[in-house]
Amino acid sequence: MKESKLSLTEHLVELRKRILVSLVSVFLLFAFTFNYSEKIFGLLTLPLKSELKLDFTTPYIHAKEKTAVSLVFLAPGEAFWMHLKVSFIASFILSLPIIFGSSGNRVDK
């Protein structure tokens with residue numbers, strides 16, 4: 001691989017490009033994961049609602065329902081903020097390959 005020195009402005013242009021790619025990927029995945037935030041939240045609260053047992057026969061894991069557990073939101077906007085937070089964290093995790101993969105896209109002149 002040929003080493004080349006970039007000027008300060010070329011470094012800033014490349015940094016801007018990588019930041020824009022990262023932000024666009026997080027935003028697009030946020031728009032996608034917001035539609036599924038209720039299912040993602042249900043998956044995250046699964047240990048509260050059921051007890052998982054390991055069994056050495058098929059299907060190996062059995063879910064047994066616990067007593068009814070419900071989460072309480074104390075403020076009116078808290079449920080909406082929960083959906084936003086779950087969606088943002090899921091979109092950030094899903095966009096990590098794009099964020100980390102954009103580091104090797106530099107083209108030497």
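The values are calculated or read from the model by the stated rules, or taken from the named source; none is laboratory data. This is a predicted model, so every value here is computed, not measured. Because the Cβ atoms are built from the backbone with ideal geometry, glycine has one as well, and the counts that use them run over all protein chains shown. All accessible areas refer to the heavy atoms of the entire protein, side chains included, with ligands and DNA or RNA removed. Shrake-Rupley method; radii C 1.70, N 1.55, O 1.52, S 1.80 Å.
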How many of the residues making up segment 70-102 are open to solvent by 50 Å² or more (accessible area, probe 1.4 Å) and within 17 Å of I40 (Cα to Cα)? 11
Note down all Cβ pairs under 8 Å where the first residue falls in segment 89-109 and is within 26 Å of L6 (Cβ to Cβ) and of a type in the set (F, W, Y), the second is in a helix (DSSP H, G or I) and modelled with pLDDT under 65, and they're at least six residues apart or on different chains. none
